[in-house]
Protein chains: 2
Amino acid sequence: MSHEMFQRHQQTLEAALTAIDSREFWAAYPEVPSGKIYGETARDDGLAAWKSTLGNRFEIDQPGTVDWVGSERSPYGIETGTTYPQADLDVLVSAAAAAMDSWKRATPECRVGVCLEILHRLNRRSFEMGFAVMHTTGQGFMMAFQAGGPHAQDRGLEALAYAWREMNHCPSHATWTKRVSKTDTVTLDKTFRLIPRGVAVTIGCSTFPTWNSYPGIFASLATGNAVIIKPHPGAVLPLALTATIAREVLSEAGFDPNVVTMACDTPDSPVAQDLVMRPEVGIVDFTGGNAFGDWIEENARHAQVYTEKAGINTAILDGCENLKALTGNMAFSLSLYSGQMCTTPQNIYIPADGIDTPDGRVSFDDTAAAIIKALDWFLSDPARAAEVCGAIQSEDTATRVQKAATGKVLRPSGAIENERFADARTATPLVVQVDSSDTGVFQREMFGPIVYIVKTASTEESIALASDGARQHGGLTCVVYSRDDAVIEQAVDAMTDAGVATSCNLTGHIWVNQSAAFSDFHVSGANPSGNATLCDTAYVAGRFRTVACRVPVPAAVEETVG
Amino acid sequence: MSHEMFQRHQQTLEAALTAIDSREFWAAYPEVPSGKIYGETARDDGLAAWKSTLGNRFEIDQPGTVDWVGSERSPYGIETGTTYPQADLDVLVSAAAAAMDSWKRATPECRVGVCLEILHRLNRRSFEMGFAVMHTTGQGFMMAFQAGGPHAQDRGLEALAYAWREMNHCPSHATWTKRVSKTDTVTLDKTFRLIPRGVAVTIGCSTFPTWNSYPGIFASLATGNAVIIKPHPGAVLPLALTATIAREVLSEAGFDPNVVTMACDTPDSPVAQDLVMRPEVGIVDFTGGNAFGDWIEENARHAQVYTEKAGINTAILDGCENLKALTGNMAFSLSLYSGQMCTTPQNIYIPADGIDTPDGRVSFDDTAAAIIKALDWFLSDPARAAEVCGAIQSEDTATRVQKAATGKVLRPSGAIENERFADARTATPLVVQVDSSDTGVFQREMFGPIVYIVKTASTEESIALASDGARQHGGLTCVVYSRDDAVIEQAVDAMTDAGVATSCNLTGHIWVNQSAAFSDFHVSGANPSGNATLCDTAYVAGRFRTVACRVPVPAAVEETVG
């Protein structure tokens, strides 16, 4: 059955393998939320499916359920009232470990076949997932559909492709013959078995519950581990839906569905610390803040830990061909999901003497004003602003924005009028001007729609501050604008060495926030933002081990002949 | 120059790549210490070269030398009196970090070319290395030549092959074109740069200074890191020789020789703790005991850490076709380098009701007696015993053997008469019988020629004890003897899950201690013995990171035409 699944999706896997080798554009799952692709009734069906969860128990037939918990609240102002099984961890972790027995003995082909089928079914339910992601994360629907659906599925497939390639590097058998003298050889039959690390715990985040979790989930599953998903209590539904689909496919393929389970909790009684410290746990994937991420790294020493934590993303402005094109691009980047992407720029470094343009130098104040003007224009259309900015996921982020509005505020954060969701929690980007000496203010992650325009002595200082910030506090992205190739090279060198992916002179329909599966590495592993590199070999290679068995082969035939 | 080096050795690299994929027998460097291969004067030249180091300073032209230190003493009883540069770490670490600047920007081809040339020159000096290894580790000459020379070089080459394959998985450039509407595409030029983790510190051990260090050294060098070698103060010469050759090749290739440096210390003033905690350090490779290995894992959190620590290796005796063939094989395994290999069996599990043979059951006592008899015979020839057992590397090990001689001693440890080295520190294997309940005695690593024959209730208990020991305390190897396929399967399953490489029914010229480059994985990473897996992808993939730069390509041509 699972081999049949593998055959059914083999072409997709092969295309993914080609893509990770070329790193050219490729996507397995269509990103356009169109009825022509997903079926004419797909949107309505998805909406209805999402609505059916409201106020109800989300049934997952897994062992150890002792209660039902739920604390999600849509950032668009809807009380969802969905509850999820709360598990007795002793029962749940044991069940996951037991389920691994047959899963780990299955062939890589079997396991990858099951994973490919799970991704396929997730894709077919992308509209339902879109609504689930929208009303937990606060993303606009388009983004929720794309990032929560096909883009997340692509990232999961990418991890599968890496795991598949890596598992196939070592043959399962080898015959080893060594000449030990002029007349004699010894021969060993060697069998190489892949063994999993143990139960994998995936700790989801509240802003990208599927996109950030799928790579770890699928990499762990493919390599023979069972996965316990610990969703953020504010964004459970997208992962509960995922777990349900995974369990359904596992059962159909003849495996114990407890290969994938959920450990749901509440903000008042969190279970993640207890969960990751269980001795059965061999892998932890974490996306979230530094406090808990650092704690896991310090304490879950028995497990392979992959984290994506905080970082300071930067923009270095030295010059440009077209200031309007620059600021238009930046206004969108800053507004998209109200700055709640781990790739959104936070610090914009501009030299005190301004930037170089074909029309001469544009002063610092005029450059800053041009950014504000572009934001003003972009946010002036409420429908566009509502769709692009979405809503603020957490009350904490909303409060952070309010508290950050001190000093020289160039643009205050404001509410967005949302026609469809009057109670949506919204906030446009707050823009604050600071001096390069105010490192206590801007050299830290201020998650959410908070932007610092930093006045520096020179582009050289801009580069130094951007790279220092990344080295000390982490960082995922940097966008550099300059007309001078030497400056570009200097900035790219410095940021690359600080482990930050750089984009240069972006204008038009491509933004620094974007990270494309099969091509862009997300998190470099080379600064404090963590080591959850989507996706490279290091991200999958530690999820399994290879153990050999050697058996001598009597040299009977040769000796008889000789 | 370094490209020329690459071309010169490209065929060797390609053969190594084929070997790691097939895992069939292959070796690049001849293991036979023959004049026909290494040159008729090679042995004499090597001996003379080694002798020339005695009582002298071993000059290494590296920065920061503040004193000369030396505390080696040949286990064969010779005061060597060689001294090595002691470095001011502030100067040395800075120099290593600075040397990385041009090294990391070189192409993988350049770096791997340099590494291949280093291995080639090391190979040509294998006799000199053999004497250096013999008189630091206590290995017999044949073993010192092989394990210290060609086998270590093969392990280094294996790591190079893995690093090369891994660095080539991601292209250095890609053109990414995405359709964003019916009429428009966006195109990004993407550049992917490999960046090293930082200064790599390799902490050598006293028993296999080159074999255990080369994989980490070459994997780190190939991936762009500088390497500081911190040798065990009792086994400096083999690595000092290595560093000198590496520095010579680096200079010839136009690189800063400080890409490879030595940090030598003394037992009284160790520098390793200070060294690994330097912020410039990005990688630590450690081979040695648990106390310091665990300390590094706990404390060097800023670095990628690879360790090989203690373990309990086991033999499970359930039955055999030919008891004499079994015990003959085992006597050699136990005697080889006086049990000072990390792969030597320590615990031999035998059921109380004996083992199954074609002539019926052989009792526990008779099986144990057969092992003792085989040891007696093997050790009865002093010349053979001296060559195979070699000498005891450290006074600590010698003391441990003496103290372990309590309870039911089946064979006391004795001295070996060494014709050529009257003052050699020697010890034949001590064999002690214990009960399966004496876990406090045998469920711990007792490094050196100490063997426990454990009387168990059944083979089932033998398997449980062997796998529990590995899970809790680590373990690298297990040899299983049985006539029953079901028992073999059960034992292999249990030991594989405990991360232990198993060998079955070994007789004749193949021993459980042997671990062949390009085929056998050494250290599985799946139990407390550590994660320094020689060699798998996980061992190299974390030594570098990939960071991208994206630059938009204007869609000028297409738009003009359209």
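Just a few scattered comments:
- Residue match in segment B:507-524 (condition: at the interface with chain A (Cβ under 9 Å from one of its Cβ atoms) and under 21 Å from B:Ile350 (Cβ atoms)): yes
- Selection over segment B:474-490 of residues that are over 25 Å from the mean Cα position of the chain (by Cα) and either more than 16 Å from A:Pro552 (Cα to Cα) or assigned to a strand (DSSP E or B) (or both) gives a count of 4.
- One residue from A:Asp359, A:Asp366, A:Asp353, A:Asp381 being under 34 Å from the mean Cα position of the chain (by Cα) and over 22 Å from A:Thr502 (Cβ atoms): A:Asp381
- Among the residues here, B:Ala370 qualifies as within 30 Å of B:Asp485 (Cβ to Cβ) and among the aliphatic types (A, V, I, L, M).
- Near pairs, Cβ below 6 angstrom, 6+ apart or cross-chain, from segment B:1-20 (over 29 Å from A:His173 (Cβ atoms) and in the same structural domain as B:Arg111 (by TED's automatic domain parsing)) to any residue that is among the β-branched types (Val, Ile, Thr) and at pLDDT below 95: none
- Residue in segment B:112-128 that is of a type in the set (Lys, Arg) and outside any helix (DSSP H, G or I) present: yes
- Only strands (runs of 3 or more DSSP E) whose full extent lies in segment A:146-256 are considered here, and the ones with at least 1 residues that are away from chain B (no Cβ under 14 Å) and not polar (S, T, N, Q) are A:199-203, A:227-230.
- Qualifying residue in segment B:89-106 (condition: part of a helix (DSSP H, G or I), among the aromatic types (Phe, Trp, Tyr), outside the structural domain of B:Gly148 (by TED's automatic domain parsing) and at pLDDT 95 or above): no
- From the options B:Val479, B:Val409, residue that is modelled with pLDDT of 95 or more, touching a Cys at 6+ places or on another chain (Cβ under 8 Å) and either within 11 Å of another protein chain (Cβ to nearest Cβ) or exposed (fewer than 15 other Cβ atoms within 10 Å of the Cβ) (or both): B:Val479
- Residue match in segment B:300-308 (condition: more than 30 Å from B:Gly414 (Cβ to Cβ) and free of Cβ contacts under 8 Å to residues at least 12 places away in the same chain): yes
- Checklist (1) surrounded by fewer than 22 Cβ atoms within 10 Å (Cβ to Cβ); (2) of a type in the set (Phe, Trp, Tyr); (3) assigned by TED's automatic domain parsing to the domain that holds A:Thr456 applied to A:Tyr349, failing item: (1)
- Looking at A:Thr187, A:Thr175, just one residue is touching a residue at least 40 places away in the same chain (Cβ under 8 Å), among the β-branched types (Val, Ile, Thr) and in contact with a Ser or Thr (Cβ under 6 Å, 6 or more places away or on another chain), and that residue is A:Thr187.
- Residue match in segment A:423-438 (condition: loosely packed, with under 14 Cβ neighbours inside 10 Å and under 30 Å from the mean Cα position of the chain (by Cα)): yes
- Restricting segment B:282-301 to residues that are out of contact with any Lys or Arg (no Cβ under 9 Å at 6 or more places or on another chain), within 14 Å of chain A (Cβ to nearest Cβ) and within 18 Å of B:Ser220 (Cβ to Cβ), the residue that is surrounded by the most Cβ atoms within 10 Å (Cβ to Cβ): B:Ile296
- Complete set of residues in segment B:491-507 that are closer than 12 Å to A:Val553 by Cα and either in a loop (DSSP other than H, G, I, E, B) or touching a residue at least 60 places away in the same chain (Cβ under 8 Å) (or both): B:Asn505, B:Leu506, B:Thr507
- Flag if B:Val487 is touching a strand residue (DSSP E or B) at 6+ places or on another chain (Cβ under 7 Å) and more than 9 Å from chain A (Cβ to nearest Cβ): no
The values are calculated or read from the model by the stated rules, or taken from the named source; none is laboratory data. Quick caveat, the model's predicted, so the values are computed rather than measured. So basically every Cβ, Gly included, is an ideal-geometry build from the backbone, and we count neighbours across all protein chains shown.
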